[in-house]
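First comes the structure, then the notes that go with it.
Quick note: the coordinates plus some simple rules give every number you see, no bench work behind them. Treat the numbers as computed from the prediction; the structure is a model and nothing was measured. Cβ placement follows ideal geometry from the backbone for every residue including glycine, while neighbour counts extend to all protein chains displayed.
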Amino acid sequence: MRRNPILVLLVLLAVSFLFTNCSDDAASSEKTRRELLLAHPWMFQRALVVAGGKDVTYDIEVEVLTFYANGIVEAQKEGDEVRTTGWQLVDGDKTVIIQSDSCGIRTLTDEKMTLRVPDKEGDRDLFFVK
């Protein structure tokens with residue numbers, strides 16, 4: 001029985017393509033924290049303050065944060081002017097510094113973000129949604 005070398009080569013190429021293509025897709029689908037921050041504006045949802053062993057949830061005016069790749073973040077409250085300041089990721093992308101406030105990133109997905117802001121009266125968790 002005679003083998004067709006071109007057919008064998010095509011089969012080998014197809015098999016290698018399938019295996020290399022699968023691993024590349026898995027790696028490219030994971031976004032970095034920087035990419036997640038830059039993906040879209042973040043709308044403030046609510047704040048939770050942990051003070052004296054008690055959790056107190058409160059709402060504040062709607063605020064939208066928009067992060068830009070050049071290190072600028074814009075914040076806008078409903079009916080207010082846009083405020084602009086700087087931001088950066090530090091501590092292995094576990095903390096975002098906005099202006100001079102250091103915020104620990106507790107949760108960051110494509111749909112939601114939770115930042116922890118230390119305060120002398122109690123840590124504040126700020127919840128944002130897409």
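Key figures
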| item | result |
| --- | --- |
| For THR109, net neighbour charge (Lys/Arg +1, Asp/Glu -1) across residues whose Cβ lies under 13 Å away | +1 |
| Net charge over other residues, Cβ less than 10 angstrom from the Cβ of VAL64 (K, R count +1; D, E count -1) | -2 |
| Sparsely packed GluC sites (Glu not before Pro) within region 26-130, loop by DSSP, other Cβ within 10 Å at most 13 | GLU30, GLU61, GLU78, GLU81, GLU111, GLU121 |
| Relative contact order (%) - criterion: Cα under 8 Å, at least six apart; region: region 33-129 | 27 percent |
| Residue-count net charge about GLU74 - beta-carbon cut-off 13 Å; Lys, Arg +1, Asp, Glu -1 | -1 |
